[in-house]
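Heads up, the thing below is written out as structure tokens.
Read-outs throughout are calculated quantities, based only on the coordinates presented, and are distinct from any laboratory measurement. All figures in this text were calculated on a predicted structure; none of them were measured in a lab. FYI the Cβ positions are ideal-geometry reconstructions off the backbone, even for glycines, and counts take in every protein chain you see.
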Amino acid sequence: MDEAPMMNQKVFECVSRSLSDLTDCSKQFGGKVVVLGGDFRQILPVVPKGRQADTLNVTFNKSYLWDYIKIIHPRQNMRVGNDGQFQLWLLRTGNGTEEVHNDIRDMAI
């Protein structure tokens, strides 16, 4: 499941129960290996009219299933290859430290 951090924890709990029912196995996710991907520094679940605390309370890492998750941190960024400058730009953008150039204007072509 891609972009897992932006999904409400109830989605994962529903998928887990459904897989358990389908496989007739009481283990989480029906005993199946489920691969999740995403970055908690990016988009979180949307809670209409919710406060920050409401948003945090519905994230996947607040679910009872979180105790069964094995976190693997990639060691190599396969997306950027050997382009070190692009890799640094992505990291700065992800961390919110990339300088914003306000002098750039829209142009119609």
Query raised in the report: Which residues, taken from the stretch 48-61, are touching a residue at least 12 places away in the same chain (Cβ under 8 Å) and more than 10 Å from the chain's Cα centre (by Cα)?
Result: LEU56, VAL58, ASN61
Requested in this report: Test GLY31 against the stated conditions and say whether it is more than 15 Å from VAL11 (Cα to Cα) and in contact with a Cys (Cβ under 9 Å, 6 or more places away or on another chain).
Outcome: yes
